[in-house]
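*Asks:* Encoded as structure tokens, here's the structure I'll be asking about.
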């Protein structure tokens with residue numbers, strides 16, 4: 001098959017959707033398919049990855065999503081150029097990631113004669129701002145959906161919004177993870193102090209302030225515990241000031257960390273905590289921790305709850321309840337029998353998310369959709 005993966009985001013910026021697109025491309029090519037990425041031309045510099053396998057279409061502009069993150073997305077485009085691209089490439093399948101993001105997907109879909117498959121990644125949070133955005137986005141998405149043949153989502157949470165707009169079944173195919181990468185990063189070496197690790201953006205929806213409040217209670221009876229916060233974002237200064245106001249001991253703000261350092265931090269951590277309060281459709285950071293062998297505590301948003309099934313449900317906590325949050329941190333940090341049981345469960349549970357398994361599912365979906373398309 002010849003497959004086009006449509007990514008509406010700036011390909012120079014790391015992110016969950018781009019990681020999935022790149023992994024899909026590599027895995028499908030290993031299976032003998034021809035794959036190209038279609039994406040808007042990024043502003044402020046040349047692309048830094050796979051220049052020979054990228055088709056740039058249109059320009060890009062900043063876009064603030066309903067989940068309160070900012071990305072560069074397509075804005076203007078030359079339709080004659082698009083016609084030439086589609087005529088030259090003759091894709092069998094076009095796979096649109098986040099087709100509700102303006103405007104790349106609709107521009108291509110209006111001219112596509114391929115099998116058109118959509119994957120919805122984002123969870124749209126239940127906030128006033130989001131409801132206002134949905135009033136604008138919904139008519140646009142409906143116009144996009146009329147051209148789509150198959151719907152997928154990374155989780156039930158990711159499917160929730162679009163499920164209300166169609167009677168067509170939505171296939172759930174979760175995000176994947178390179179298990180070898182994280183397993184190889186695992187380390188037996190531990191420090192004397194128990195380490196809690198957070199990795200992610202420092203923004204309101206990630207709930208880091210609640211982690212600081214719970215850590216204050218935990219540290220009162222556990223002087224051997226330390227908290228490492230890796231990541232940057234608009235709330236970093238406020239969070240650092242909060243840590244000072246709370247007089248928190250043994251807290252480190254590392255700022256942005258490289259992928260290599262992230263793997264090292266995971267390998268050295270005793271507990272990984274991601275207390276996001278909303279806007280998560282899938283817990284890829286939790287899978288990364290599990291694959292490294294690190295016990296997790298996670299916020300009770302629907303995306304994380306979708307991932308933390310079975311024994312993993314013990315990891316889910318209400319970040320707003322500081323007392324309960326601190327108690328859960330304490331239990332999963334210090335109860336060795338429970339930690340061993342949790343790690344055994346996680347080591348088996350994580351296997352279903354390995355990229356080869358996920359790519360197998362997408363390949364099977366493409367083949368079935370292409371057969372259906374040819375019959376009609």
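*Asks:* Among 97, 33, rank each residue by its count of other Cβ atoms within 10 Å, from fewest to most, as a rough exposure measure.
*Replies:* 33, 97
*Asks:* Something else: Sticking with the crude label model, points 7 Å out along Cα→Cβ, report the distance from residue 181 to residue 248 in nm, one decimal please.
*Replies:* Output for this residue pair reads 2.8 nm.
*Asks:* Do the sum for the chain: with -39,500 (n - 2.57) for every DSSP H run of n ≥ 4, divided by all residues, what is the mean residue ellipticity at 222 nm, to the nearest 500 deg cm²/dmol?
*Replies:* The helix contribution divided over the chain gives -13000 deg cm²/dmol.
*Asks:* On to the next question. Can you tell me the length gained on complete extension of the stretch residue 113 to residue 87, counting 0.36 nm per residue apart and subtracting the Cα distance?
*Replies:* Result for the pair: 8.4 nm of gain on full extension.
*Asks:* Helix 236-245 sits at what angle to the longest principal axis of the chain, using alpha carbons and giving 0 to 90 degrees rounded to 10?
*Replies:* For helix 236-245, the angle is close to 10 degrees.
*Asks:* Rounded, prolate or oblate: which fits the chain when a ≥ b ≥ c are the square roots of the eigenvalues of the alpha-carbon gyration tensor, with rounded for a/c under 1.5 and prolate only if a/b beats b/c?
*Replies:* Prolate shape, in that a/c is at least 1.5 and a/b is the bigger ratio.
*Asks:* What is the antiparallel percent of DSSP beta bridges lying wholly in the chain, to the nearest 5?
*Replies:* Counting only bridges with both partners in the chain, antiparallel ones make up about 10 percent.
*Asks:* Something else now. If one takes the longest principal axis of the Cα atoms in the chain, at what angle in degrees, from 0 to 90 and to the nearest 10, does the Cα axis of helix 208-221 lie?
*Replies:* 20 degrees
*Asks:* Out of all DSSP beta bridges in the stretch 179-352, what portion is antiparallel? Express it as a percent rounded to 5.
*Replies:* Antiparallel: roughly 5 percent of the beta bridges in the stretch 179-352.
*Asks:* Calculate, in nm to one decimal, what residue 264 and residue 237 gain on full extension: separation in residues at 0.36 nm each, minus their alpha carbon distance.
*Replies:* 7.2 nm
*Asks:* If you don't mind, another one. Can you tell me the relative contact order of the stretch 179-352? Whole percent, Cα pairs under 8 Å, sequence separation 6 or more.
*Replies:* Reported relative contact order: 26 percent.
*Asks:* Which values of log₁₀ I(q)/I(0), to two decimal places, follow from the Debye formula for the stretch 244-305 at q = 0.22, 0.25, 0.28 Å⁻¹ with a uniform point scatterer at every Cα?
*Replies:* Calculated log10 I(q)/I(0) at the listed q: -1.02, -1.12, -1.17.
*Asks:* Round to the nearest 0.05 the FRET efficiency obtained for residue 345 and residue 26 when R0 = 25 Å and r is the Cβ-Cβ distance.
*Replies:* The formula returns an efficiency of 0.30 here.
*Asks:* What shape does the stretch 179-352 take by its C-alpha gyration tensor, where a ≥ b ≥ c are the square roots of the eigenvalues and a/c under 1.5 counts as rounded, a/b above b/c as prolate, and the rest as oblate?
*Replies:* Verdict is rounded for the stretch 179-352.
*Asks:* So what is the relative contact order for the chain, in percent, with contacts set as C-alpha pairs under 8 Å and at least six apart?
*Replies:* Across the chain, relative contact order equals 15 percent.
*Asks:* Note the full-extension length gain between residue 321 and residue 367 as 0.36 nm times their separation in residues minus their Cα-Cα distance, in nm to one decimal.
*Replies:* Full extension from residue 321 to residue 367 adds 11.8 nm.
*Asks:* Between residue 163 and residue 310, what's the calculated FRET efficiency when r is the beta-carbon distance and R0 is 22 Å? Round to 0.05.
*Replies:* Efficiency computed from Cβ-Cβ geometry: 0.35.
Bear in mind that the values in this text are calculations on the coordinates, not laboratory data. Values in this document were obtained by computation on a predicted structure and should not be read as measured data. Virtual Cβ from ideal backbone geometry, glycine too; neighbours counted across all protein chains shown.
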